[in-house]
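The values are calculated or read from the model by the stated rules, or taken from the named source; none is laboratory data. Every value quoted in this text rests on a predicted model; they were computed, and no experiment measured them. Cβ sites come from the backbone with ideal geometry, for glycine too, and all protein chains shown count toward neighbours.
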Amino acid sequence: MTSTLEIRDLHVTVESDGADKEILTGVTLTIRAGETHAVMGPNGSGKSTLAYAIAGHPKYTVTSGAITLDGEDVLAMSVDERARAGVFLAMQYPVEVPGVSVSNFLRSSATAVRGEAPKLRLWVKEQKEAMARLEMDPAFSERSVNEGFSGGEKKRHEILQLELLRPRFAVLDETDSGLDVDALRVVSEGINRVRESGETGVLLITHYTRILNYIKPDFVHVFVRGKIAESGTADLADELEANGYAKYGVEALAPAGGRSLPTGPVLPGVVSPA
Amino acid sequence: MASALSTEREALKATGGVMDGAIATNVKPSTPRSPADVRPERIRSADPDVFGVPTGREEEWRFTPLARLRPLLDGAVSDARLEVTSTLPDGVELVGVPTAEVDVPLPVDRLAALALQRCGSSLVLRVPKGLELDEPVVVRLAGTGPGHVVWGHVVVELAEQSRATVVLEHVGSASYAAVVSVLVGDGAALQLVQVQNWADDTLHAAHVASRLGRDATLRSTQVTLGGSLVRVTETVDFTAPGGDVELRGVSFADDGQHLEHRLLVDHSVPHCRSRVTYKSALQGEQAHTVWIGDVLIRAAAEGTDTYELNRNLLLTPEARADSVPNLEIETGEIAGAGHASATGRFDDEQLFYLMARGIPADAARRMVVRGFFAEVVESIGVPDLEERLMATIETELERAFT
Ligand SMILES: Nc1ncnc2c1ncn2[C@@H]1O[C@H](COP(=O)(O)OP(=O)(O)O)[C@@H](O)[C@H]1O
Ligand SMILES: [Mg+2]
């Protein structure tokens, strides 16, 4: 039986300045294992909010709607339970965890997700090989998680986890942003290796069509103002590439493809440059 | 000679020392330091009355919950003892000696003076001249109940050119005030580890008073995990050039614990080196750690090389870490001097990230604290010992995070 992640009429608020602000305004989406869905939308449309809501980040409150994984209520699960149930989030801004080494982190994650500690010798080999495929220096395993990593290193590290944890569903939040051409290729190849197994459903969140040259989605969804405005096949991405989001009533800051806007963490009180 | 005691910043600029005073926002304001705050003189005396009874307004008592320390401050005469068990390699002697017969560094505060005055006899561990030990010496002191006040004096004495690893472990329940005199002879090297693994109701006030001979080496590690109130003052006196000390510490303060470590490294002679690395992690209401790092470089102490570092990790917002590095420099002719202090939070984003990889919240906290401490413990450089200490720490963390 293929696994199914079902999101139905999802409404999500976030607390901002003491008031609840609705960010997701009714998202409905079904992903089956083996499928790749690209979600594209302008900055601020709520893509990361969708990703966090699926993973269970405490700052995002689901006010109505449902998320189920093979019929099981994902919203009733804690963050770690969701991960163990097979939901994975590659973060747009991976978090630094000083004092915890990458190798300790990876092994602890694998132990938690697999339900038993991998045999040490096999694990060392597995980790080493996975790192080599992502062209990561073995010395990374002794560094603190994400501490002092460059943007590209953080993203490789996220995809390393994806490959080691082999989730049933992976939400990849702007994994492509901030990567140079080489890193984009390496990271895309990692994602494709996981897709090829046919056992993982992928929700590929992106701002640009660039990554779609490497990863061919089965479906493309245009995300505007907290919901899906249009769904289609890979052709839809080409149309976005040509016309941007203008037809959805969004002032285009830049065409969806092409030129990169600088992206960085949005800090409270800091307005990102327009 | 008039002592030209400059303010820390000026002195550092003058000497090209390093300064990294990144004190994080969530450190509770430890009253701002100004030259006026720098104590002009530090009293050392065997007479308790020279110090007076602390009121809490004194610089050295202002962080300590004195009410809780009352049973010790009252100074009642008591002949209660801790139970001593030990593992002694061949050639090492552990004996009781009348306190009056040992020559040790002078007490630094009233409780230390009371301990020496009241304890009657001293427990003396001697490593004879030239003996080099591979096996650690382990002395375990066990409290049998918090009801009785215990006054104690332990002496760790390494005769010249000897080398040893000594573990002093504190367990059980007690109200214990003690002096630990650490005498490292010329050319001797001591690796000293003290573990405070007391029961929750224990009061422990100690003065660890080290004195180093020429070219002597001291590595001192404090692992403070258990106890209601633990207050350790560690002083280092150099008596001749070539002394080399590294003082390390890790403490984990849980709900209601007050764990205080005060260091005074007195560079009074030329060409000695000191390194201080202390880390504490805290969680829960009323969890409190205090770290005071006083390093004094006297006018005569040319060629001094010193650096101190304190890091604190708050696992919950109500916990409180006070951190006061303090460098006083009376000579410009030094090799290096600096300090760093920072308090950070284990925040919700870190917790989320680890949990999003399947790791349960408790295990995530444990991982972070373990990693934080491992950096200190692994600098000891004795793998067996490191493993034992990490296992002890692990047990404590498992208890705390389940
Ligand atoms: N933690 C948060 N606190 C306050 N506002 C938030 C938070 N997360 C997202 N938002 C707001 O929600 C909207 C959508 O943000 P986000 O989901 O990050 O969009 P995208 O990923 O599509 O760029 C933005 O207006 C953003 O400011
Ligand atoms: Mg985003």
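Rundown of residues vs (1) within 14 Å of chain B (Cβ to nearest Cβ); (2) charged (D, E, K, R), yes/no style:
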| site | (1), (2) |
| --- | --- |
| A:7 | no, no |
| A:10 | no, no |
| A:48 | yes, no |
| A:52 | yes, no |
| A:80 | yes, yes |
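Taking the criterion of being within 16 Å of ligand 1 (Cβ to nearest atom) and under 17 Å from residue A:165 (Cβ atoms), the residues of the stretch A:90-112 that qualify are A:90, A:91, A:94, A:95.
Of all residues in the stretch A:1-55, count the ones that are in a loop (DSSP other than H, G, I, E, B) and within 14 Å of ligand 1 (Cβ to nearest atom).
8
When you check residue B:216 against the structure, is it within 24 Å of residue B:129 (Cα to Cα), surrounded by fewer than 21 Cβ atoms within 10 Å (Cβ to Cβ) and among the aliphatic types (A, V, I, L, M), yes or no? No, not satisfied. Could you grab me the full set of residues in the stretch A:210-250 that are at negative phi, part of a loop (DSSP other than H, G, I, E, B) and more than 16 Å from ligand 2 (Cβ to nearest atom)? Those that are at negative phi, part of a loop (DSSP other than H, G, I, E, B) and more than 16 Å from ligand 2 (Cβ to nearest atom): A:214, A:215, A:216, A:217, A:218, A:233.
For the stretch A:152-202, a residue qualifies if it is on the phi > 0 side of the Ramachandran plot and within 16 Å of ligand 2 (Cβ to nearest atom), and the qualifying residues are A:174, A:178. Give the residue, chosen from A:124, A:113, that is out of contact with any His (no Cβ under 7 Å at 6 or more places or on another chain), away from chain B (no Cβ under 11 Å) and more than 16 Å from ligand 2 (Cβ to nearest atom). Step by step, each of A:124, A:113 is checked, and only A:124 is out of contact with any His (no Cβ under 7 Å at 6 or more places or on another chain), away from chain B (no Cβ under 11 Å) and more than 16 Å from ligand 2 (Cβ to nearest atom). Answer with yes or no whether residue A:149 is closer than 30 Å to residue A:213 by Cα, more than 16 Å from ligand 2 (Cβ to nearest atom) and part of a loop (DSSP other than H, G, I, E, B). Yes; evaluated as a whole, the condition is true for this residue. Mind listing just one residue for me: the one in the stretch A:81-102 that is modelled with pLDDT under 95 and more than 16 Å from ligand 2 (Cβ to nearest atom) and, of those, surrounded by the fewest Cβ atoms within 10 Å (Cβ to Cβ)? Here the residue is A:96. Considering only residues in the stretch A:56-68 that are surrounded by fewer than 20 Cβ atoms within 10 Å (Cβ to Cβ) and touching a residue at least 24 places away in the same chain (Cβ under 8 Å), the one that is nearest to ligand 1 (Cβ to nearest atom) turns out to be A:59.
Selection of the stretch A:83-110 for residues being outside any strand (DSSP E or B) and within 8 Å of another protein chain (Cβ to nearest Cβ) yields A:83, A:84, A:91, A:94, A:95, A:96, A:104, A:105, A:108, A:109.
Restricted to the stretch B:368-380, and to residues there that are in contact (Cβ under 8 Å) with a residue 12 or more places away in the chain and not in a helix (DSSP H, G or I), the residue that is surrounded by the most Cβ atoms within 10 Å (Cβ to Cβ) is B:380.
Just the residues that are aromatic (Phe, Trp, Tyr), away from ligand 1 (no atom under 12 Å from the Cβ) and under 27 Å from residue A:4 (Cβ atoms), please, taken from the stretch A:197-255. Those that are aromatic (Phe, Trp, Tyr), away from ligand 1 (no atom under 12 Å from the Cβ) and under 27 Å from residue A:4 (Cβ atoms): A:214, A:219.
Total residues in the stretch A:69-97 satisfying the condition of being without any contact (Cβ under 8 Å) to a residue 12 or more places away in the chain and aliphatic (A, V, I, L, M): the figure is 1.
Only strands (runs of 3 or more DSSP E) whose full extent lies in the stretch B:82-144 are considered here, and the ones with at least 2 residues that are at pLDDT 95 or above and surrounded by 21 or more Cβ atoms within 10 Å (Cβ to Cβ) are B:121-127. Just give me the residues in the stretch A:56-66 being assigned to a loop (DSSP other than H, G, I, E, B), within 14 Å of ligand 2 (Cβ to nearest atom) and not basic (Lys, Arg), in sequence order. Selection gives A:57 alone.
Matching residues to (1) of a type in the set (Asp, Glu); (2) surrounded by fewer than 20 Cβ atoms within 10 Å (Cβ to Cβ); (3) in contact (Cβ under 8 Å) with a residue 24 or more places away in the chain; (4) in the same structural domain as residue B:237 (by TED's automatic domain parsing):
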site	(1), (2), (3), (4)
B:269	no, no, yes, yes
B:278	no, no, yes, yes
B:283	no, no, yes, yes
B:293	no, no, yes, yes
B:298	no, yes, yes, yes
B:333	yes, yes, yes, yes
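For the stretch A:13-55, a residue qualifies if it is touching a strand residue (DSSP E or B) at 6+ places or on another chain (Cβ under 8 Å), on the phi > 0 side of the Ramachandran plot and surrounded by fewer than 21 Cβ atoms within 10 Å (Cβ to Cβ), and the qualifying residues are A:26, A:34. Of all residues in the stretch B:338-375, those being at the interface with chain A (Cβ under 9 Å from one of its Cβ atoms) and not hydrophobic (A, V, I, L, M, F, W, C) number 12. For the criterion of being of a type in the set (A, V, I, L, M, F, W, C) and in contact with a strand residue (DSSP E or B) (Cβ under 7 Å, 6 or more places away or on another chain), residue A:160 fails.
Could you look through the stretch A:14-29, keep only residues that are touching a residue at least 12 places away in the same chain (Cβ under 8 Å) and within 16 Å of ligand 2 (Cβ to nearest atom), and pick out the one that is nearest to the other protein chains (Cβ to nearest Cβ)? Per the stated criteria, the residue is A:14.
Might you let me know whether the stretch B:317-325 holds any residue that is within 11 Å of another protein chain (Cβ to nearest Cβ), under 24 Å from the mean Cα position of the chain (by Cα), farther than 30 Å from residue A:113 by Cα and part of a strand (DSSP E or B)? Looking for residues that are within 11 Å of another protein chain (Cβ to nearest Cβ), under 24 Å from the mean Cα position of the chain (by Cα), farther than 30 Å from residue A:113 by Cα and part of a strand (DSSP E or B), one finds none in the stretch B:317-325, hence no. Restricted to the stretch A:134-150, and to residues there that are crowded, with 16+ Cβ neighbours inside 10 Å and out of contact with any Pro (no Cβ under 7 Å at 6 or more places or on another chain), the residue that is nearest to the other protein chains (Cβ to nearest Cβ) is A:145. Picking from residues in the stretch A:173-196 that are of a type in the set (S, T, N, Q) and within 16 Å of ligand 1 (Cβ to nearest atom), the one that is nearest to the other protein chains (Cβ to nearest Cβ) is A:175. Here is the figure for the stretch A:1-44: residues that are modelled with pLDDT of 95 or more, more than 15 Å from the chain's Cα centre (by Cα) and hydroxyl-bearing (Ser, Thr, Tyr) total 5. Residue B:240: part of a loop (DSSP other than H, G, I, E, B), of a type outside the set (Val, Ile, Thr) and touching a residue at least 12 places away in the same chain (Cβ under 8 Å), yes or no? The answer is yes for residue B:240.
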